[in-house]
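The next block holds one structure in the form of structure tokens; read it before the comments.
The values are calculated or read from the model by the stated rules, or taken from the named source; none is laboratory data. Remember, it's a predicted structure, so these values are computed and weren't measured experimentally. When we count neighbours, we look across all protein chains shown, and the Cβ atoms used for this are built from the backbone with ideal geometry, even at glycine. Each accessible area value is taken on the protein alone, full model and side chains, heavy atoms only, with ligands, DNA and RNA left out. Shrake-Rupley method; radii C 1.70, N 1.55, O 1.52, S 1.80 Å.
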Amino acid sequence: MRFDNKSRRNQLIIYYICYLLIFTVVALIGFSGLLKIGKSFVYGFDGYEQQYTSMVWWGEYLRQFIKNILNGQFTVPMWSYELGFGGDILTTLNYYAIGDPLFLLSVFFKPESTEKLYNLLVILRLALAGGAFSAYCLSHRMRRLPVLMGALCYTFGGYMTEGTIEVFFLTPMIY
């Protein structure tokens, strides 16, 4: 997005601050029920067995990789017997971890706290999707108020809220 002048840049900053404030309020209202009863977005077979588990595994893999580098060993494990009956790490985790740049954050979370990261990433993906929608519309010089309303409808519409169950379905909505 090209800025013609400082005023336009300031207007965009104000727009995104407003978007994030409204997004936060709506998300807190919408998801407060989960918070009250102590539930998370890790749900069902795909959510737990595939996405959450791969996030935990990827975080441990990245931490081990960094330890190897700090110890002077540049080794990149390419095969693991922990994946099914044994599998190629690159092809097995390409969809679930390696292909998602947000999963790099798992390096900072131990396995016992990865659920918090998972929940945070669901909310972050929703916010990024609305932000990307806004960027697209604003780049076409659409008015800010209709774009803001559209971004919130896009972010909290049926498909997106269903995507909170299948977190990887939210990623294409950002792109």
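With Rg and Dmax of the Cα atoms in Å in mind, check [x] 24.0, 78; [y] 27.9, 99; [z] 19.1, 59 and report the label derived from this structure.
[z]
Taking the Cα centre of each part, how many Å lie between segment 54-125 and segment 22-53?
A separation of 21 Å, based on Cα centres.
May I ask for the angle, rounded to the nearest 10°, between helix 6-36 and the longest principal axis of the chain, with both axes built from Cα atoms and the value confined to 0 to 90°?
Orientation of helix 6-36: about 60 degrees from the principal axis.
Please name which of 105, 164, 145 has its Cα lying farthest along the dipole of segment 76-175 towards the positive end, using unit charges on Cβ (Lys, Arg +1; Asp, Glu -1) and the Cα centre as origin.
145
With θ taken as phi - 60° and the coefficients 6.51, -1.76 and 1.60, list the Karplus ³J(HN,Hα) couplings across segment 142-148 in order, rounded to whole Hz; mark glycine and proline as x.
Values per residue, Gly and Pro as x: 7, 5, 5, 5, x, 5, 4 Hz.
So what's the back-of-envelope 222 nm ellipticity for the chain, counting only DSSP H runs of four-plus at -39500 (n - 2.57) apiece and dividing by all residues, rounded to 500?
Roughly -19000 deg cm²/dmol at 222 nm, from the helical runs in the chain.
Could you sort 116-127, 83-94 so that the peptide with the highest average Cβ count within 10 Å comes first and the rest follow in order? Mind showing how you got there, number by number?
Numbers: 116-127: 18.9, 83-94: 13.0.
The peptides rank, most packed first, as 116-127, 83-94.
Helix 114-139 sits at what angle to the longest principal axis of the chain, using alpha carbons and giving 0 to 90 degrees rounded to 10?
40 degrees
Using only the C-alpha atoms of segment 44-113, find the volume of their convex hull and express it per residue in Å³. Spell out each step's value before the answer.
On the way: hull volume 6.7 nm³, N = 70.
Per-residue hull volume (Cα only) is 96 Å³.
Rounding to the nearest 20 debye, state how big the charge dipole of the chain is about its Cα centre with +1 on each Lys and Arg Cβ and -1 on each Asp and Glu Cβ.
Details: 14 positive and 11 negative charges, 232 e Å.
In debye, rounded to 20, the chain gives about 1120.
Out of 65, 126, 10, whose Cα points farthest toward the positive end of the dipole of the chain (charges: +1 Lys, Arg; -1 Asp, Glu; placed on Cβ)?
The one lying farthest along the dipole's positive direction is 10.
If you put +1 on each Lys and Arg Cβ and -1 on each Asp and Glu Cβ, how big is the dipole of segment 12-89 around its Cα centre, in Debye rounded to 20? Please list the in-between numbers first.
Working: 4 positive and 5 negative charges, 74 e Å.
Around 360 debye, computed over segment 12-89.
Using the Cα centre of segment 92-145 as the reference point, and only Cβ charges (+1 on K/R, -1 on D/E), how large is the resulting charge dipole? Debye, rounded to the nearest 20.
Numbers: 6 positive and 3 negative charges, 86 e Å.
Approximately 420 debye in magnitude.
I need the P(r) histogram for segment 1-51: all alpha carbon pairs, bin width 5 Å from 0 out to the longest distance, whole percents.
That works out to 4, 16, 13, 13, 13, 11, 10, 9, 8, 3, 0, in percent per bin.
Counting only the heavy atoms of the protein chains, how much of residue 142 is accessible to a 1.4 Å probe, in Å² to the nearest 10?
Rounded to the nearest 10, that gives 100 Å².
Quick one: plug the Kirkwood hydrodynamic radius of segment 124-175 (C-alpha pairs) into Stokes-Einstein at 10 °C, 1.306 mPa s, and report D in µm²/s. Please report the intermediate quantities before stating the final value.
Working: Rh = 10.9 Å.
Here the translational diffusion coefficient equals 146 µm²/s.
How much FRET efficiency would the formula 1/(1 + (r/R0)^6) give for residue 10 and residue 153, where r is the Cβ-Cβ distance and R0 is 22 Å, rounded to 0.05? Display every interim value, and only then the final one.
Values: r = 26 Å, r/R0 = 1.17.
Efficiency, from the Cβ-Cβ distance: 0.30.
Quick one: what do you get for segment 1-103 if you divide its Cα Rg by 2.2 N^0.38 Å? Before the final figure, lay out each step's value.
Working: Rg = 20.6 Å, N = 103, 2.2 N^0.38 = 12.8 Å.
Segment 1-103 yields a ratio of 1.61.
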